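Worksheet: the structure to be examined is printed underneath.
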Amino acid sequence: MSARRARAPIHCFPPVAGASAKILILGSMPGKMSLQQNQYYAHPMNAFWKIMGELVGAHPQLPYPARLDILCQSGIALWDVLASCERTSSLDAHIRNEAANDFAAFFARHPRITRVFFNGAKAEQSFRKFVLGKQALPVLEFCRLPSTSPAHAGMRYADKLKAWRAIFAA
């Protein structure tokens, strides 16, 4: 008899958002290394901080709190679609038993945010499945960007960076 052990749920981090945030970047759920270090996008092969370094100066070499401050000063908020889930690895494909964050409350606290960017397909799929039509949201513009995850290695860094420049296109 081979019974699968129930996995303990994992939980996302609180949102990073200043009062002047106009842009929200959403991931799905932090990976194992991020959870261990209590930092968004902590895996050294994840391109997120390298891209943010080039776009707004939040370079990966800076201390984590300084990077978050730069994002906030740049009008960028950061969060995850999922409040909790079960996952056997850092891969989005292994996410099960999802529960979404309370976006109605988040957008009520951050009314200047009008544009939402998804860091990869899983974040967008989860948002559409668990949030859209289920929570009262303001009018928002949505855009999926290529995942910065090292698991999404099929796209060159230069192409990811070019796509991510969309967060500042008006």
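General observations
- Qualifying position, being over 20 Å from residue 28 (Cα atoms) and not hydroxyl-bearing (Ser, Thr, Tyr), among 121, 151, 158: 158
- Here is the figure for the range 7-41: residues that are surrounded by fewer than 17 Cβ atoms within 10 Å (Cβ to Cβ) and of a type in the set (Phe, Trp, Tyr) total 1.
- Among the conditions (1) aliphatic (A, V, I, L, M); (2) over 13 Å from the mean Cα position of the chain (by Cα); (3) more than 27 Å from residue 141 (Cα to Cα), the only one that residue 51 does not satisfy is (3).
- Members of the range 130-153 that are exposed (fewer than 15 other Cβ atoms within 10 Å of the Cβ) and either more than 19 Å from residue 85 (Cα to Cα) or modelled with pLDDT of 95 or more (or both): 133, 136, 138, 139, 140, 141, 142, 143, 150, 153
- Of everything listed in (1) outside any loop (DSSP other than H, G, I, E, B); (2) over 20 Å from residue 46 (Cα atoms); (3) at pLDDT 95 or above; (4) in contact with a strand residue (DSSP E or B) (Cβ under 7 Å, 6 or more places away or on another chain), the single unmet condition for residue 126 is (3).
- Condition check for residue 55: farther than 22 Å from residue 101 by Cβ, in contact with a Phe, Trp or Tyr (Cβ under 7 Å, 6 or more places away or on another chain) and not in a loop (DSSP other than H, G, I, E, B): yes
- Close contacts from the range 49-60, counting a first residue that is closer than 15 Å to residue 24 by Cα and without any contact (Cβ under 8 Å) to a residue 40 or more places away in the chain and a second that is assigned to a loop (DSSP other than H, G, I, E, B) and hydroxyl-bearing (Ser, Thr, Tyr), with Cβ to Cβ under 9 Å and a gap of 6+ residues or different chains, come to 52/41; 52/74; 56/74.
The values are calculated or read from the model by the stated rules, or taken from the named source; none is laboratory data. This one's a predicted model, so the numbers in the text were calculated from it and none came from an experiment. Cβ sites come from the backbone with ideal geometry, for glycine too, and all protein chains shown count toward neighbours.
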